[in-house]
Each structure stands twice: as C-alpha cells, then as structure tokens.
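> Would you mind keeping the following structure in view while I ask a few things?
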Amino acid sequence: MKLPQYNKNFNESIYDLEIEKVIDEIKKAKAKTVLLQFPDGIKSRAFEVVDAIEEKFNSKKQTVRVFTWLGACYGACDLPIQLSNRVDLVIQFGHNRFVKNMKGWK
C-alpha cells in the first residue's frame, strides 16, 4: 500500500489566520499591547501574525507590542488571567466565537 505524499504546506492550506481582521481589531481597539493565543496545532504559525502586526504598526508612529502565549489554550474561556491587566487586547485563534441568542449561548 502506497502512503500519500507528505505535504509540508499542509497547515498553510487549511488554516486562514485572518491577519487583516486581526489588524483591523487592533486599530479598532487602539491597542498598544496585544496578546495572541493559539491552540497547539497552529502555534508554529504565530510568527506570521506577529510579523504582520509589527510590519503594519511599528513602521509608522504607532507602536504595538505583541506577546504570544505559549502556555496551554483550551478554548475561549482559557484566558491567562495573570496578564489580563497588562494587555489591551487578547486575540485567540482556532476557536469558535461565542454568540448569545434568546435561548442561551451557542
């Protein structure tokens, strides 16, 4: 039995990090410090987001400090509370958005 070829670009082909959306959220929040959280499966791509943010903001007058949380991240409720008063914005990747409707949370 022949196994399929390993595609080294596999992660890049299935995950959209929505970098423009991230940049828009930073602008909207006027954030100076941003914490990025990734699930283990895409932590290796964090540098792409950090590089894009630094390229967009740090070349202009506005400076944005970006931190990447390397600890565990098990979902939207798993915030590193020890950093909650040290950052202006937390952006989590790989999790569904919580939406509240009349029947409760989805």
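> Pairs please, first residue from segment 49-60 and assigned to a helix (DSSP H, G or I), second anywhere and of a type in the set (Asp, Glu) and surrounded by fewer than 14 Cβ atoms within 10 Å (Cβ to Cβ), Cβ atoms under 9 Å, 6+ apart in sequence or on different chains.
ALA52/GLU20
> Checking the conditions here, which among GLU55, GLU25, GLU48 is at pLDDT 90 or above, under 18 Å from VAL87 (Cβ atoms) and among the charged types (D, E, K, R)?
Of the residues listed, the single one that is at pLDDT 90 or above, under 18 Å from VAL87 (Cβ atoms) and among the charged types (D, E, K, R) is GLU25.
> Does segment 64-84 include one or more residues that are modelled with pLDDT of 80 or more, in a loop (DSSP other than H, G, I, E, B) and either touching a helix residue (DSSP H, G or I) at 6+ places or on another chain (Cβ under 9 Å) or not polar (S, T, N, Q) (or both)?
yes
Let's see how each residue does on (1) exposed (fewer than 11 other Cβ atoms within 10 Å of the Cβ); (2) modelled with pLDDT of 90 or more; (3) under 12 Å from the mean Cα position of the chain (by Cα); (4) basic (Lys, Arg):
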{"position": "LYS2", "(1), (2), (3), (4)": "yes, no, no, yes"}
{"position": "ASN7", "(1), (2), (3), (4)": "yes, no, no, no"}
{"position": "PHE10", "(1), (2), (3), (4)": "yes, no, no, no"}
{"position": "ILE14", "(1), (2), (3), (4)": "yes, no, no, no"}
{"position": "ILE19", "(1), (2), (3), (4)": "no, yes, yes, no"}
{"position": "LYS30", "(1), (2), (3), (4)": "yes, yes, no, yes"}
{"position": "LEU36", "(1), (2), (3), (4)": "no, yes, yes, no"}
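> Right, here's the next one. Please work out if LYS43 is modelled with pLDDT under 90, of a type outside the set (Ser, Thr, Tyr), closer than 19 Å to VAL90 by Cβ and surrounded by 13 or more Cβ atoms within 10 Å (Cβ to Cβ).
Against the criterion (modelled with pLDDT under 90, of a type outside the set (Ser, Thr, Tyr), closer than 19 Å to VAL90 by Cβ and surrounded by 13 or more Cβ atoms within 10 Å (Cβ to Cβ)), LYS43 qualifies.
The values are calculated or read from the model by the stated rules, or taken from the named source; none is laboratory data. All of these numbers come straight from a predicted model, not from anything done at the bench. Every residue, glycine as well, gets a Cβ built from its backbone with ideal geometry; the counts of neighbours run over all protein chains shown.
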